[in-house]
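Here's the structure we're looking at; comments come further down.
The values are calculated or read from the model by the stated rules, or taken from the named source; none is laboratory data. Predicted model only: the values in this text are computed from it and were never measured. Here Cβ is always computed from backbone atoms with ideal geometry, including for glycine, and neighbour counts include all displayed protein chains. Accessible surface areas use protein heavy atoms only, side chains included; no ligands, DNA or RNA. Shrake-Rupley method; radii C 1.70, N 1.55, O 1.52, S 1.80 Å.
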Amino acid sequence: MAEVKVKPEVPDPLDIETRIIELCHQFPHGITDQVIQNDMPHMEPQQRAMAINRLLSVGQLDLLRSNTGLLYRVKESQNAGKMKGSDNQEKLVYQIIEDASNKGIWSRDIRYKSNLPLTEINKILKNLESKKLIKAVKSVAASKKKVYMLYNVQPDRSVTGGAWYSDQDFESEFVEVLNQQCFKFLQTKAEAAHESKQNPMIQRNSSFASSHEVWKYICELGISKVELSMEDIETILNTLIYDGKVEMTIIAAKEGTVGSVDGHMKLYRAVNPIIQPTGLVRTPCGLCPVFDDCHEGGEISPSNCIYMAEWLEF
């Protein structure tokens, strides 16, 4: 009679991960690969490696190097005390959201990283929200989708849109006012330099203003209800450069100089074209910095280009 071979039962990946975490708690200073192998001798090396890599990728384990080789140690959350009484699945979802930091994470990505059913994830998310451990934030990148982050975390500007968005609506009028005031400041400085009657090189140099000077001027005007950073003002100044109204130069600056970053300072000045540009350059496409990314149906396209719309009105 032929010998009947019994196929060994394949362990559930989630059970393997749970057991590895339990071993880490038993040995707080860390465990080696040999400890895992001794505890689960019938597990294939590939299964063990996949479980460890997954726990490392979702931030549940730390990988350390010691005299005896590599050690795996459980990564303790700063908010571990808040998760007392929660099951492993809830702790896993919380850890994934915590690792997403201030940029947040979509429920779809939580599902992918946790390998949990969507219905279970939705239940866990509602529970964590009710405990005020996490919050849902609408992203300007996708108005119909929400990202999840820890309750006390301030969302990144890539999520909220920064100073240019209010309740997910782009504040085009506010941006236009800032655009005009920044240009007015640089124009006034350029006119004052021209009226000084000094030699052309001194006039040119004195017509420049740093982004810190422009930022200070805008702050003193009090036209913004939100706090603007120098980075916000530089974004506005960049639009003026793209419009051909302003030019920028970068100079070396002493460390600690106001407005300098890494020993460099950006200077801006208003410019008037000496000759009229050619027909092609007059079109928005002629100077567009994102020309290569522009196509119909994309995020940047001729149909929703405000510069193209203004140009066609002439």
Given the whole protein assembly as supplied and a 1.4 Å probe, what does the accessible area of Glu98 come to in Å², nearest 10? 40 Å²
Build a GNM of the chain with springs between Cα atoms under 10 Å: which of Gln187, Gln34, Gln60 gets the top mean-square fluctuation? Gln34
Computed over the chain: longest principal axis from alpha-carbon atoms vs helix 13-26 long axis, angle to nearest 10 degrees, is 90 degrees
Farthest towards the positive end of the dipole of region 181-311, among Cys285, Ser224, Asn272 and with Cβ unit charges of +1 on Lys and Arg and -1 on Asp and Glu, lies the Cα of Asn272
Accessible surface, 1.4 Å probe, highest first, among residues His295, His29: His29, His295
Relative contact order (%) - criterion: Cα under 8 Å, at least six apart; region: the chain: 9 percent
Over 22 Å, how big is the tail of the calculated P(r) for region 140-238, in percent of all Cα pairs? 44 percent
Mind giving me the FRET efficiency for Val258 and Asp156? R0 is 30 Å, r the Cβ-Cβ distance, nearest 0.05 is fine. 0.70
Amide H within-cut-off set for Ala253, under 5 Å, with H built and near neighbours excluded: His264, Met265
Under 5 Å, built H, 5+ apart or other chain: amide partners of Gly161: Val140
Entries of Lys103/Lys145; Lys216/Lys245; Lys91/Lys138 with Cα pairs more than 18 Å apart: Lys216/Lys245; Lys91/Lys138
Tell me, what ³J(HN,Hα) does each residue in region 122-137 have, in order and in whole Hz, if you take phi through Karplus 6.51 cos²θ - 1.76 cosθ + 1.60 with θ = phi - 60° and put x for Gly and Pro? 4, 5, 5, 4, 5, 5, 5, 5, 5, 7, 6, 9, 9, 9, 9, 10
Let me have the 222 nm mean residue ellipticity of the chain computed from DSSP H runs of 4+ only, each contributing -39500 (n - 2.57), with the sum over all residues rounded to the nearest 500. -13500 deg cm²/dmol
Among (1) 5, 17, 20, 18, 16, 13, 8, 3, 1, 0, 0, 0; (2) 6, 25, 32, 21, 10, 4, 2, 0, 0; (3) 5, 20, 25, 18, 11, 5, 4, 4, 3, 3, 2, 0, the entry that matches P(r) over Cα pairs in 10 Å bins from 0, in percent as calculated here: (1)
Whole-Hz Karplus ³J(HN,Hα) for region 88-103, in order, using 6.51 cos²θ - 1.76 cosθ + 1.60 and θ = phi - 60°, x for Gly and Pro? 5, 5, 5, 5, 5, 4, 4, 5, 5, 5, 5, 5, 6, 6, 8, 8
If R0 = 51 Å, then Asn38 and Asp293, at their Cβ-Cβ distance, give a FRET efficiency to the nearest 0.05 of 0.40
With every protein chain kept in place and a 1.4 Å probe, the residues Trp164, Trp106 fall, from largest accessible area down, as Trp106, Trp164
Residues of region 154-195 with backbone nitrogen within less than 15 Å of a virtual label 7 Å along the Cα-to-Cβ line of Glu227, please, listed as ranges. 154-157, 162-163
Checking Lys126, Lys225, Lys113 against a Gaussian network model of the chain (alpha-carbon springs below 10 Å), the top fluctuating residue turns out to be Lys225
Express in Å², to the nearest 10, the accessible area of Asp87 obtained by rolling a 1.4 Å probe over the protein heavy atoms while all chains stay in place. 80 Å²
Projecting each Cα onto the charge dipole of the chain (Lys/Arg +1, Asp/Glu -1 at the beta carbon, about the Cα centre), which of Thr249, Leu55, Asn205 comes out farthest on the positive side? Leu55
So how strong a dipole does the chain carry about its Cα centre when Lys and Arg Cβ are +1 and Asp and Glu Cβ are -1, to the nearest 20 debye? 540 debye
Return the long-range amide H neighbours of Leu70 (sequence gap of 5 or more, or a different chain), with a cut-off of under 5 Å between placed amide H atoms. none
Which whole-Hz ³J(HN,Hα) couplings does region 217-223 yield from phi under the Karplus relation 6.51 cos²θ - 1.76 cosθ + 1.60, θ = phi - 60°, glycine and proline marked x? 4, 5, 5, 5, 5, x, 8
